[in-house]
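Colleague: I am attaching a structure below and will ask some questions about it afterwards.
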Amino acid sequence: MENKGFIRKTKQRKAILSVLRSTKIHPTADWIYEEVRKEVPNVSLGTIYRNLKILTEMGEVMELSYGSTYSRFDGNPDNHYHFVCEECGSIFDIDIDIAEKFETKVENKLGVKVTDHRMEFYGLCTECLKSKQESAAK
Ligand code: ZN
Ligand code: MN
């Protein structure tokens, strides 16, 4: 006898994970919901939220919370940095490995052991910067 409930849950979670792993836009739960629905039509938004929480706790995905705005999700759970555009809300990965140096500096200064740290970069993305410059030139 097969456990249908378990299979359905696994299928939903797999669909969420594959949607997240195949995008670089760091989407909201709503966006993930719309994408997963194409594959699993009867999925609910509540199920998406629940599974995102589980996947985050499992260390499979990363939740990026920005205070008052909706959380964004990242299919890459490894510690890496993000640039957030304050104009359009785009989030980009910053592929520079500076983590180790920072942690070593803090460890040496305070004599502690650093296990984790967070850092965000904010500003204007290239697209928003371009349109700002274009409208200023008019
Ligand atoms: Zn932008
Ligand atoms: Mn990322």
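The values are calculated or read from the model by the stated rules, or taken from the named source; none is laboratory data. Since the structure is predicted, the reported quantities are computational estimates derived from the model, not experimental observations. Ideal geometry is used to build each Cβ from the backbone, glycine not excepted, and the neighbour counts take in all protein chains shown. Areas reflect the complete protein model, heavy atoms only, side chains present, ligands, DNA and RNA absent. Shrake-Rupley method; radii C 1.70, N 1.55, O 1.52, S 1.80 Å.
Colleague: Can you tell me which residue among V36, V43 is in contact with a helix residue (DSSP H, G or I) (Cβ under 9 Å, 6 or more places away or on another chain), in a loop (DSSP other than H, G, I, E, B), open to solvent by less than 90 Å² (accessible area, probe 1.4 Å) and over 30 Å from T115 (Cβ atoms)? Don't jump to the end; show me each part of the working.
Modeller: Working: V36 fails: in a loop (DSSP other than H, G, I, E, B).
Of the residues listed, the single one that is in contact with a helix residue (DSSP H, G or I) (Cβ under 9 Å, 6 or more places away or on another chain), in a loop (DSSP other than H, G, I, E, B), open to solvent by less than 90 Å² (accessible area, probe 1.4 Å) and over 30 Å from T115 (Cβ atoms) is V43.
Colleague: Let me confirm something: among K24, K53, K11, which residue is open to solvent by 30 Å² or more (accessible area, probe 1.4 Å) and over 18 Å from the mean Cα position of the chain (by Cα)?
Modeller: Sole residue among the options that is open to solvent by 30 Å² or more (accessible area, probe 1.4 Å) and over 18 Å from the mean Cα position of the chain (by Cα): K11.
Colleague: Is it fair to say E127 is acidic (D, E) and over 22 Å from H26 (Cβ atoms)?
Modeller: Spelling it out, it is not the case that E127 is acidic (D, E) and over 22 Å from H26 (Cβ atoms).
Colleague: Looking at segment 87-100 only, could you name the residues that are open to solvent by 70 Å² or more (accessible area, probe 1.4 Å) and either at pLDDT 95 or above or within 10 Å of ligand 1 (Cβ to nearest atom) (or both)?
Modeller: First, pick out the residues of segment 87-100 that are open to solvent by 70 Å² or more (accessible area, probe 1.4 Å): 87-88, 92, 95-97, 100.
Within segment 87-100, E87, C88, F92 meet the criteria.
Colleague: A further question on this structure: Within segment 65-86, how many residues are of a type in the set (S, T, Y), within 9 Å of ligand 2 (Cβ to nearest atom) and open to solvent by 50 Å² or more (accessible area, probe 1.4 Å)?
Modeller: So the count comes out to 0.
Colleague: Inside segment 65-86, can you point out the residues that are more than 8 Å from the chain's Cα centre (by Cα) and either at pLDDT 95 or above or not in a loop (DSSP other than H, G, I, E, B) (or both)?
Modeller: Those that are more than 8 Å from the chain's Cα centre (by Cα) and either at pLDDT 95 or above or not in a loop (DSSP other than H, G, I, E, B) (or both): Y81, H82, F83, V84, C85.
Colleague: Can you tell me how many residues in segment 64-92 are in contact (Cβ under 8 Å) with a residue 40 or more places away in the chain and of a type in the set (G, A, S)?
Modeller: Adding up the residues that qualify gives 3.
Colleague: For the subset of segment 101-138 comprising residues that are part of a helix (DSSP H, G or I) and open to solvent by less than 70 Å² (accessible area, probe 1.4 Å), which member is nearest to E87 (Cα to Cα)?
Modeller: So the residue we want is C128.
Colleague: Then there is this: Which is in contact with an Asp or Glu (Cβ under 9 Å, 6 or more places away or on another chain) and either away from ligand 1 (no atom under 16 Å from the Cβ) or of a type in the set (V, I, T) (or both), of P27, P41, P77?
Modeller: P77
Colleague: Do we find that M62 is away from ligand 2 (no atom under 16 Å from the Cβ) and either more than 12 Å from the chain's Cα centre (by Cα) or hydrophobic (A, V, I, L, M, F, W, C) (or both) in this structure?
Modeller: no
Colleague: If you don't mind, there's one more thing I want to ask. Go through (1) away from ligand 1 (no atom under 16 Å from the Cβ); (2) at negative phi for G67 and report which single condition fails.
Modeller: That leaves (2) as the condition not met.
Colleague: Hey, does segment 111-129 have a residue that's touching a helix residue (DSSP H, G or I) at 6+ places or on another chain (Cβ under 7 Å) and within 16 Å of ligand 1 (Cβ to nearest atom)?
Modeller: yes
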